[in-house]
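What follows is a set of notes on a single structure, which appears directly below.
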Amino acid sequence: MVIESRSRIVKHLVNRLRDTSVDAAVFRGLLRECARMLLVEAVDTLPVAEKRIDTWQGGFTGEFIDEGNIVCVAILRAALPMQEGVMAALDGVEGGFLAMKRDEESFKSRLYYDRIPDIEDKTVILVDPMVATGGSLHDALTLLRQRAPARIVSLNVIGAKEGVERIERAFPDVDVHIAQIDPKLNKDAYIIPGLGDAGDRAYNTV
Ligand code: PRP
Ligand code: URA
């Protein structure tokens, strides 16, 4: 299911990301913050566990997010700040990486590197700011699905309507928490209005 955020602060962050006067360091900070906000919106999909801890008042048993059963996977490179945001809030989760690059002529993504810990029966939080044609996210979800996770939750910042609908059709059981769905793609498969190339904006490249 696709869930578009209704939060005013999330929309504020998205619109700041669109602003070309925002420099790379601030851009990465906004992606990090957006991921933390989306994590809050997705929190009910995460596993919880009771844990006993020592406090200044003695032993205490409380409910915690079961970080040991969660893996946060980033699609390089623009998702790195999002992964940092998630792992700052949940410092006990494992991190995984998929290096993917979309070919700018065919618009198909290519996988260069895959470094994902064991995700069998775990919850995967997959992060990538942009869902344009949906090809990269589709390929990442296909790969993850083959490794039998208990659940996959996708956190995304801006998606084009057609790319998001493609993901929803192909993966109806994946919870896609997205900050903003924009209307269309241009002829180069960039999201309109979007924010441009997220990787380039985040890392000062063109
Ligand atoms: C961007 C973005 C997504 C992908 C979306 O990455 O971060 O992964 O494009 O496009 P799609 O939905 O049409 O597949 P890109 O491949 O440009 O790599 P980068 O992060 O290294 O710039
Ligand atoms: N990748 C991006 O970073 N931006 C787009 O609009 C499309 C693909």
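The values are calculated or read from the model by the stated rules, or taken from the named source; none is laboratory data. Small disclaimer: the values here were computed from a predicted structure and weren't measured. Neighbour counts run over all protein chains shown; Cβ positions are idealised from the backbone, glycine included. Protein only, heavy atoms only, side chains kept; ligands, DNA and RNA dropped before computing areas. Shrake-Rupley method; radii C 1.70, N 1.55, O 1.52, S 1.80 Å.
Note on exposure: SER109, SER21 ranked by accessible area (1.4 Å probe, complete protein assembly) read SER21, SER109, with the most exposed listed first. The chymotrypsin sites (Phe, Trp or Tyr not before Pro) of the stretch 1-106 that DSSP puts in a loop, and whose beta carbon has at most 10 other beta carbons within 10 Å, are TRP56. Surface listing: VAL131, VAL48, VAL26 arranged by accessible area from highest to lowest gives VAL48, VAL26, VAL131, probe 1.4 Å.
Each residue was assigned an accessible area with a 1.4 Å probe, and for GLU41 the value is about 70 Å². Here ASP121 sits with roughly 110 square angstrom of accessible surface, probe radius 1.4 Å.
Students sometimes get this wrong: rank THR205, THR45 by accessible area, probe 1.4 Å, all chains present, largest first.
Result, largest first: THR205, THR45.
Here's the picture: charge each Lys and Arg Cβ at +1 and each Asp and Glu Cβ at -1 in the chain, and of LEU39, PHE97, GLY199 the one pushed furthest to the positive end of that dipole is GLY199. Averaging the sequence gap over all C-alpha pairs within less than 8 Å and six or more residues apart, then dividing by the number of residues, gives the stretch 80-201 a relative contact order of 21 percent.
Once the 1.4 Å probe is applied to the protein heavy atoms, the chain comes out at 51 Å² accessible per residue.
Here the contact order of the stretch 65-105, divided by its residue count and restricted to Cα pairs under 8 Å and six or more residues apart, works out to 50 percent.
Only the Cβ atoms of Lys and Arg (+1) and of Asp and Glu (-1) were treated as charged; on that basis the dipole of the stretch 13-125 about its Cα centre amounts to roughly 500 debye. Projected label points at VAL206 and VAL22, each 7 Å from Cα along the beta carbon direction, are separated by 2.1 nanometres. By a 1.4 Å probe calculation restricted to protein chains, GLU63 has an accessible surface near 140 Å², given to the nearest 10.
Which of rounded, prolate, oblate describes the stretch 62-188, given a ≥ b ≥ c as roots of the alpha-carbon gyration tensor eigenvalues and a/c under 1.5 marking rounded, otherwise prolate only if a/b is larger than b/c? Prolate, because a/c is 1.5 or more and a/b exceeds b/c. Other residues lying with their Cβ under 10 Å from the Cβ of ILE70 contribute a combined charge of -1, Lys and Arg counting +1, Asp and Glu -1. Take the alpha-carbon centre of the stretch 104-166, take the same for the stretch 15-36, and report the distance between them in whole Å. The stretch 104-166 and the stretch 15-36 have Cα centres spaced 21 Å from each other.
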